[in-house]
Amino acid sequence: MRVSGHKLEWEGGSLIRLPEPGATFGPDFFPDARGHEIPAAIKLAVQPFVLLRPGRAPLLIDTGYGTSRGAEFSHVLANLAAAGVGEEDVGQVFLTHLHGDHCAGLTKGAFPNAQIFLTGVEQQFWTGKDHPGGHLVAAEAHRLTLVSEGDIIAPGVRVVLLPGHTPGHAGLIIDDQILMIADVVHVAPLQIEDPDLVPKFDFDPGLAAQTRRKTLDWIGAKGLVFCGAHFTGTSPYFRLKPAGTGWQMVDA
Ligand SMILES: [Zn+2]
């Protein structure tokens, strides 16, 4: 497995980060600091990924803001183009959950040839709500494929339900080696050191913390490479090594 900047390459294909402009939050990002010194400014990246496989149409994982916050927040199409992928080439879009920074780029007519995947739990949660998620499930109903834990959406690509941040929040595991955890962890290394640190955006704090702990233990025990939607840094790909009673993040 080889990492070069935004790109992770292995025998089965490559995964490329598509960075959008990030967002900055204050220390109230964690309503309960649990005794930690929380930085005054917490900077989060926003980053969809694209999976490229020989002989298969590209799979886009999340879409970013699109133009919902203004054109300057929308770099996904340009980043895809730089990777040699046109909007109409995308064959699948997997939405980890329906917060705007993950799904608002999926406007009417966007990625016209893509089948859209989303967990059924997430679809149900947002249905009827006046929110980007609610609007999306209504507008894109005709091309939504609802999935659940363990479903295979492409050869070697399996859905992993990671509930808590939102009820139907999910990631993907690729070739049993690479796990996209989306929003299980927002701020690293803080939440790797203390998985019970809960950001204000976690819908179900207790379940989110439990999922975070379980996911980190799984990554560490299996030696998986993982990436998330909001990690900052020159490379978004990491592994975990044992540290004390928990884990420490190291570059993949
Ligand atoms: Zn997010």
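For this structure, a couple of remarks:
- Residue in the range 177-190 that is without any contact (Cβ under 8 Å) to a residue 40 or more places away in the chain, away from the ligand (no atom under 12 Å from the Cβ) and either in a loop (DSSP other than H, G, I, E, B) or over 10 Å from residue 96 (Cα atoms) (or both) present: no
- Odd one out for residue 209, checked against (1) away from the ligand (no atom under 16 Å from the Cβ); (2) surrounded by 21 or more Cβ atoms within 10 Å (Cβ to Cβ); (3) among the aliphatic types (A, V, I, L, M): (2)
Each row is one residue, and each column tells you yes or no for (1) within 16 Å of the ligand (Cβ to nearest atom); (2) aliphatic (A, V, I, L, M); (3) in contact with an Asp or Glu (Cβ under 7 Å, 6 or more places away or on another chain).
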| position | (1), (2), (3) |
| --- | --- |
| 194 | no, no, no |
| 201 | yes, no, no |
| 216 | no, yes, no |
| 219 | no, yes, no |
| 224 | no, yes, no |
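- Of the residues making up the range 76-100, those that are modelled with pLDDT of 95 or more and within 13 Å of the ligand (Cβ to nearest atom) number 5.
- Residue within the range 125-140 that is surrounded by fewer than 17 Cβ atoms within 10 Å (Cβ to Cβ), in contact (Cβ under 8 Å) with a residue 40 or more places away in the chain and more than 30 Å from residue 198 (Cα to Cα) present: no
- Of all residues making up the range 5-28, the number that are in contact (Cβ under 8 Å) with a residue 40 or more places away in the chain, assigned to a strand (DSSP E or B) and out of contact with any Cys (no Cβ under 9 Å at 6 or more places or on another chain): 7
- Test: residue in the range 114-127 that is among the hydroxyl-bearing types (Ser, Thr, Tyr) and modelled with pLDDT under 95: no
- Criterion (of a type in the set (D, E, K, R), out of contact with any Lys or Arg (no Cβ under 8 Å at 6 or more places or on another chain) and part of a helix (DSSP H, G or I)) met by exactly one of 214, 200: 214
- Of all residues in the range 176-194, those satisfying the criterion of being surrounded by fewer than 22 Cβ atoms within 10 Å (Cβ to Cβ) and either touching a helix residue (DSSP H, G or I) at 6+ places or on another chain (Cβ under 6 Å) or farther than 15 Å from residue 232 by Cα (or both) are 176, 177, 193, 194.
- From 223, 233, residue being at positive phi and at pLDDT 95 or above: 223
- Among the residues of the range 34-52, the ones that are away from the ligand (no atom under 16 Å from the Cβ) and in contact (Cβ under 8 Å) with a residue 12 or more places away in the chain come to 9 in all.
- Taken over the range 101-156, the criterion of being among the small types (Gly, Ala, Ser), within 16 Å of the ligand (Cβ to nearest atom) and part of a helix (DSSP H, G or I) is satisfied by 133 alone.
- Any chance residue 232 is closer than 14 Å to residue 185 by Cα, within 16 Å of the ligand (Cβ to nearest atom) and buried (at least 20 other Cβ atoms within 10 Å of the Cβ): no
The values are calculated or read from the model by the stated rules, or taken from the named source; none is laboratory data. Quick caveat: nothing in here was measured; it's all calculated off a predicted structure. Every residue, glycine among them, receives a Cβ derived from its backbone with ideal geometry; neighbour counts consider all protein chains shown.
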